[in-house]
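Notes follow once the structure below has been shown.
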Amino acid sequence: MENKWKFGIRPKITIGYIIIIVCLFASVIILNNQIRSLQQERNFLLQYNNKVETLTNNVEKFVMDMQAGQRGFVITGNEIYLEPYYKAAGEWQIEFKELYQLMADKPDQQQKLQVVRETTDLWIEEAGENAIRLKRDNDDAAIQQFYANDRGREYMQSIRNQFNDFRESEREIAQVRAEELDKQNNNLTGGLFGLLLTVSIIAIVISSQVSKSIVRTINDVTQTIKKIASNNGDLKERIHVNTNDEINELANATNDLLDNLDGREWLQTNLAEIVTKYQGVASIEALAKVFMSEIAKMTNSSSGAFYVREIEDNRNHFIKNASFADNNFEKDIGRESFRIGQGLIGQCVQEKQTFIFNEIPEDYRYISTGLGEVPPRSIFIVPILFEGDVIAVMELATMSEYSKLQQDLVKQIVETFGLSINSVIGRMEIIRLLNESRAMTEELQVQSEELQTQSEELQMQTEELTQINEQLEEKTKDAETKNKELEKIRKELEEKAEQLTLHSNYKSEFLANMSHELRTPLNSILILSEMLAENDQGRLTDEDAEFANVIHSSGEDLLSLINDILDLSKVEAGKLEVLFEEVNLSELPQHMEHVFSPIAQKKNLEFHIFKEDDVIDLFFTDEKRFQQILKNLLSNAFKFTEEGSVALTIKQIENQLQTEEMRAISKDWLEVTIADTGIGIPADKHELIFETFQQADGATVRKFGGTGLGLSICKQFARLLGGWITLQSEEGVGSVFKLVVPSLPNGLILDKHLNIDYSEVAVTQSSYEPSTAFVSDLARLDVQKQTVIEKDEVLVSLHDHTNVFQNKNILIVDDDYRNIYALKTALEKRGVNILVAKDGIECLDILQDNTEIDIVLMDIMMPNMDGYEAMYRIRNDLQLKELPVIALTAKAMKNDRDKCLEAGASDYISKPLNLDQLFSVLRVWLVS
Amino acid sequence: MDKQGENMKLEEVYKQHEDLEIDFLLEAIYRLSGFDFRQYNRSSISRRIHNRMNINGIETVTGLLEKVIHEEHFLESLLNDFSINVTEMFRNPSFFKTFRKEVVPILRKYPEIRIWHAGCATGEEVYSMAILLEEEGLKDKAVIYATDMNEQVLEKARKGAFPIQKMQAYTKNYMLAGGNYAFSEYYKADDQYAYFHPSILENIIFAQHNLVTDQSFNEFHVIICRNVLIYFTADLQEQVQHLFYESLSPQGFLGLGDKETLRFSQVTEKYQEIAGNERIYQRV
């Protein structure tokens, strides 16, 4: 490019102008020459004409002078007159000669002049000289004669004519010359305009050519620059200019700038890219591998190796962490490790300098390719520094050469790479430490669990050893001791037997007592109501008497209920007698109406009884239990119905509706339906209400009273009668209880099914709730409670070899005497010492003085100081952190339980209390 | 100095020999019983072997090996030694509380829930989970597969009777775990044991399964494996983690013990930890 001849804009423009100026000069010179030659010609013409005329006139004058002189002399003979003659005769020839020479280019005029000369010479010869000689000779005659024919005058005339002719010719020639000059003048004017036109055209052409060549390249450049600008910074585009001028230089400069920018962008992109590549890399090997492969790609390296410093015995080694060869034949290239100063690479570490070699040492290993081995052309060794120390070195080799840009890139990458390596090393160290700590934590956990297991094992072994010791001791005891032991055991057995008898007696005694205690007041009620009903004095209205009747019959029912409850223990024992006998169903409606109409009337309820016609009259079942079921169900229906109606429907189940199993038991099945429009029972409680002492919910108890025993007895009785009870109910709409019983003339054969029923009954009996017992129907409840507790007690004494409750001190904190009473009764039976506090304050007082308390049962809702505060104070004021405090909470309140936990309760148990649950909890918290 | 060095060298040799003996013993146990302790944490196994040697007065591991091979029932008792069954009901209550708060709402949306309790030991945590599900109303649609490699502890687990001495601590755990009711509603106690209500056992399937040798047997929504992996070497831990990952449904949950973590496992990235530090991970 530089060699090429440069043709810039300035010379272009300058040359253009020069051409135009030269043209102008040329035209002016030409014009000037033309004008000057024209002028000269004209001047020459003027002088020439003048001279010709002067000379002509002079020649003529001389001729005249000669004539005048000749004549004067002839006349006078005075010599004076001859002087001008001679003078003229001498001089005219000079003038003539001059004139003749002037006419050199005009032979015609010369000829004319020649004629003039000849004529003049003739005159001089014949006239002049002749006359003068004659005079001198005084030959007058001759003179006279001479003048007679006067030839002189003829000659003179001819001369004059000849001169005139000459002059005329000369004038004509001058005329022609002038015309010629005019013509030349015209040509000059024409030439002038022609020249102007030519120069103008040349100027226009040159200027247009020059401007065109300049503007075109500028446009090219502008176009390219616009393209680059619009390409979103794509710097790959280059400006191409074909001219060799300043624009080309501008384009070249711009291209250089773009090259530079492109290079820098490449640098930045690669820098950014490589940084993202090794982000999040966790190990130094992986980092080195990524780094090497990336950098090799960027620098077109054919092979490379990466070494990382490792300190061993206080000496720095550089260990190969990654290598790169752009073929797979030899993955493992480069030496494994080196020390500072070892070889070029070691030298590089020592000097902390980047080395680049383009002259490869002879012993340098070759880059192997698929086909052979090629020596690299350039090697690039770069130390990687962190805080001034070389922590890694990289060596790259290429078959081409490393460009400045590639070198810059590598240097820039390496500047920050030291930090990356260091942080990865740091991270690896952290991970290693974390792993170590995790392993240690796990190991600790393992050891602690093992220790726990071992301690448990040890404890077990100790226990076993103790047992074995005891056994050994026992074994080594002599016969006497054995006898004593046997004696003791026998006595104990006797005592146990006695205890059992005693318990049995207690139970019988209790039952008898209770029976007595209840029957006594009932007796008076029955007798008195019967007396009233008889209405001997007629003082009562019929209605009153009927009421008394109802009291009586209800009393009787109550009595029979008491008996039933007593019988419940028999049910458990399988001792309840069921007597199947003939029952007349036709009397059933009246009987029920008799009993329940007053209640219906009182509650303003409708009471319907339907008995279908096809119901057989004679039915075999236990009438007492059957009626009891119906009465229970009906009284329930009335109890839970505030408005609307209660309906009793009796019908026989048709044969085809009976199941196979039913038919196997009996062909006659009775279905008695008791439907009410009462409060109903939620679906999830349908099962529950048949359990002992269960009602739909606590609120029901408070509103309607009752023991919750009724349905449970009904269910069991129904089973005893060989049938069952079903329930359909919707809350708020009403309930329908269905009793289904078979007619069994021969009683119920005890089959497997029934046995299961019995065991189920027993299970149901064992779980019960005493706390609701006190709400109403106190008498019935007490009977039940006492019975069950009695039973429970027997069981306890039979099963518990060691009684954990014996002599334990339990503090009951409650403001409700009924709760206290129930708990106290139940717990004292097991040998617990009961202390009672009416509220939190009393509780704290007792705990302050009495350090023997084993457990506190804490009610929550109490006057003066509630359970939460009491518990909080026990834990904080009294500092009794370990004392088990069991809170008695309402069932559905999650919030309460959280508050209990916060206040420091050890456990909680929901009210109404379940004794089994209570005892389980107490066992848990009494265990040391 | 020399003597000390010599002692150290002797100790080194002794240790190498014992390592060899333990290798033999574990190989023998594996071949005889199928229980694979070869990849268990060696220090723990070694301590337990020594424990058994002390109890039985055996001098060398080879002596123990002889008994294992030739003495009837000895292997069984040794296997029992190897299985550490430390567990509690509602162990680390905050785990259960978090499970209740973070995991249960998601499980609630599922039509059925399969839970695998791997390494359940005597079942305390399985019962805890069952109680939790019952309280959250999920019990009926949940099935808990409780597995352990030790058939004897499973037998204990099936009984659902736990020593009464531990119940005070369990009660506390239950309350801290956010229990909705009184803990005593779930058990009846006599003087030795608290017997959990059989209804809790419904939907729990106890089965023998060995994490080391057995494969997955279903896809689960929740896998609980707490304080089991700590007994394994890192490699075995990794293997078991892969087994868990394969057995989890997408978005399924993995619950680990409080000293265990997924942090260094290869499967780490496939899980996200939910709710802080409770070691409950969700597969992503």
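The values are calculated or read from the model by the stated rules, or taken from the named source; none is laboratory data. Being a predicted model, the structure only gives us computed values, none of them experimental. Neighbour counts run over all protein chains shown; Cβ positions are idealised from the backbone, glycine included.
Numbers below:
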| quantity | calculated |
| --- | --- |
| Members of segment B:51-69 found to be of a type in the set (Gly, Ala, Ser) and either in contact (Cβ under 8 Å) with a residue 12 or more places away in the chain or outside any loop (DSSP other than H, G, I, E, B) (or both), listed by number | B:GLY63 |
| So B:GLY57, is it within 19 Å of the chain's Cα centre (by Cα) and surrounded by fewer than 14 Cβ atoms within 10 Å (Cβ to Cβ) | no |
| Looking only at segment B:85-108, and only at residues there that are closer than 20 Å to A:SER455 by Cβ and in contact with a Phe, Trp or Tyr (Cβ under 9 Å, 6 or more places away or on another chain), the one that is surrounded by the most Cβ atoms within 10 Å (Cβ to Cβ) | B:MET89 |
| Test set (1) in contact with a Gly (Cβ under 9 Å, 6 or more places away or on another chain); (2) among the polar types (S, T, N, Q); (3) assigned to a helix (DSSP H, G or I) - A:ASN138 fails condition number | (3) |
| Any hit, segment B:225-232, residues being in contact (Cβ under 8 Å) with a residue 60 or more places away in the chain, aromatic (Phe, Trp, Tyr) and within 14 Å of chain A (Cβ to nearest Cβ) | yes |
| Considering residues of segment B:248-263 that are touching a Phe, Trp or Tyr at 6+ places or on another chain (Cβ under 9 Å) and assigned to a loop (DSSP other than H, G, I, E, B) only, the residue farthest from the other protein chains (Cβ to nearest Cβ) | B:LEU262 |
| Residues of segment B:3-42 satisfying the condition of being within 14 Å of chain A (Cβ to nearest Cβ) and not charged (D, E, K, R) | B:PHE37, B:TYR40, B:ASN41 |
| Test for A:GLN109: is it surrounded by 15 or more Cβ atoms within 10 Å (Cβ to Cβ) and under 20 Å from A:LEU45 (Cβ atoms) | yes |
| Failed criterion for B:ALA177 (all others in (1) buried (at least 19 other Cβ atoms within 10 Å of the Cβ); (2) touching a His at 6+ places or on another chain (Cβ under 9 Å); (3) small (Gly, Ala, Ser) hold) | (2) |
| Selection count where residues are touching a Lys or Arg at 6+ places or on another chain (Cβ under 9 Å), surrounded by fewer than 17 Cβ atoms within 10 Å (Cβ to Cβ) and modelled with pLDDT of 90 or more, scope segment B:20-54 | 2 |
| Close pairs (7 angstrom Cβ cut-off, 6 or more residues apart or separate chains): touching a residue at least 24 places away in the same chain (Cβ under 8 Å) in segment A:239-251, of a type outside the set (Val, Ile, Thr) and part of a loop (DSSP other than H, G, I, E, B) anywhere | A:ASN244/A:LYS4; A:ASN244/A:LYS6; A:ASN244/A:PHE7; A:ASP245/A:PHE7; A:ASP245/A:GLY8; A:GLU246/A:GLY8 |
| Residues located in segment A:890-928, provided they are at the interface with another protein chain (Cβ under 10 Å from one of its Cβ atoms), under 23 Å from A:ASN807 (Cα atoms) and modelled with pLDDT under 75 | A:ASN914, A:SER928 |
| All positions within segment B:70-95 that are over 24 Å from B:GLY34 (Cα atoms), outside any loop (DSSP other than H, G, I, E, B) and aromatic (Phe, Trp, Tyr) | B:PHE95 |
| Selected residue (criterion: nearest to A:GLY346 (Cα to Cα)) from residues of segment A:383-401 that are in contact (Cβ under 8 Å) with a residue 40 or more places away in the chain and of a type in the set (A, V, I, L, M, F, W, C) | A:VAL393 |
| Residue within segment B:112-120 that is part of a strand (DSSP E or B), crowded, with 20+ Cβ neighbours inside 10 Å, of a type in the set (Gly, Ala, Ser) and in contact with a helix residue (DSSP H, G or I) (Cβ under 8 Å, 6 or more places away or on another chain) present | yes |
| Options A:VAL813, A:VAL836; residue that is farther than 30 Å from B:GLU135 by Cα and either loosely packed, with under 15 Cβ neighbours inside 10 Å or free of Cβ contacts under 8 Å to residues at least 60 places away in the same chain (or both) | A:VAL836 |
| Subset of segment B:139-155 (residues that are touching a residue at least 12 places away in the same chain (Cβ under 8 Å) and either assigned to a helix (DSSP H, G or I) or over 24 Å from B:ALA194 (Cα atoms) (or both)) | B:LYS139, B:ASP140, B:LYS141, B:ALA142, B:MET149, B:GLU151, B:GLN152, B:VAL153, B:LEU154 |
| Selected residue (only one of A:VAL550, A:VAL571 is in a helix (DSSP H, G or I), at pLDDT 75 or above, under 24 Å from A:GLU623 (Cβ atoms) and not assigned by TED's automatic domain parsing to the domain that holds A:LEU634) | A:VAL550 |
| Boolean, B:LEU10 is over 22 Å from B:THR233 (Cα atoms), in contact (Cβ under 8 Å) with a residue 24 or more places away in the chain and either part of a helix (DSSP H, G or I) or not assigned by TED's automatic domain parsing to the domain that holds B:ALA169 (or both) | no |
| Filter result (among the aromatic types (Phe, Trp, Tyr), at pLDDT 90 or above and outside any helix (DSSP H, G or I)) within segment B:156-199 | B:PHE162, B:TYR187, B:TYR193, B:TYR195, B:PHE196 |
| Some residue of segment B:60-70 being under 16 Å from the mean Cα position of the chain (by Cα) and within 24 Å of B:ASP214 (Cβ to Cβ) | no |
| Condition met for A:ASN435 (in a helix (DSSP H, G or I), closer than 26 Å to B:ASN56 by Cβ and either at pLDDT below 80 or within 14 Å of chain B (Cβ to nearest Cβ) (or both)) | no |
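The rows are residues; the columns are (1) part of a loop (DSSP other than H, G, I, E, B); (2) free of Cβ contacts under 8 Å to residues at least 24 places away in the same chain.
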| site | (1), (2) |
| --- | --- |
| A:ILE616 | yes, no |
| A:GLN627 | no, no |
| A:SER635 | no, no |
| A:PHE638 | no, no |
| A:GLU642 | yes, no |
| A:VAL646 | no, no |
| A:ILE650 | no, no |
| A:ARG663 | no, yes |
| A:GLU671 | no, no |
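Residues checked against (1) at pLDDT below 75; (2) exposed (fewer than 10 other Cβ atoms within 10 Å of the Cβ); (3) in a helix (DSSP H, G or I); (4) more than 14 Å from chain B (Cβ to nearest Cβ):
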{"site": "A:VAL414", "(1), (2), (3), (4)": "no, no, yes, yes"}
{"site": "A:SER423", "(1), (2), (3), (4)": "no, no, yes, yes"}
{"site": "A:GLU449", "(1), (2), (3), (4)": "no, no, yes, no"}
{"site": "A:SER455", "(1), (2), (3), (4)": "no, no, yes, no"}
{"site": "A:GLU463", "(1), (2), (3), (4)": "yes, no, yes, no"}
{"site": "A:ARG490", "(1), (2), (3), (4)": "no, no, yes, yes"}
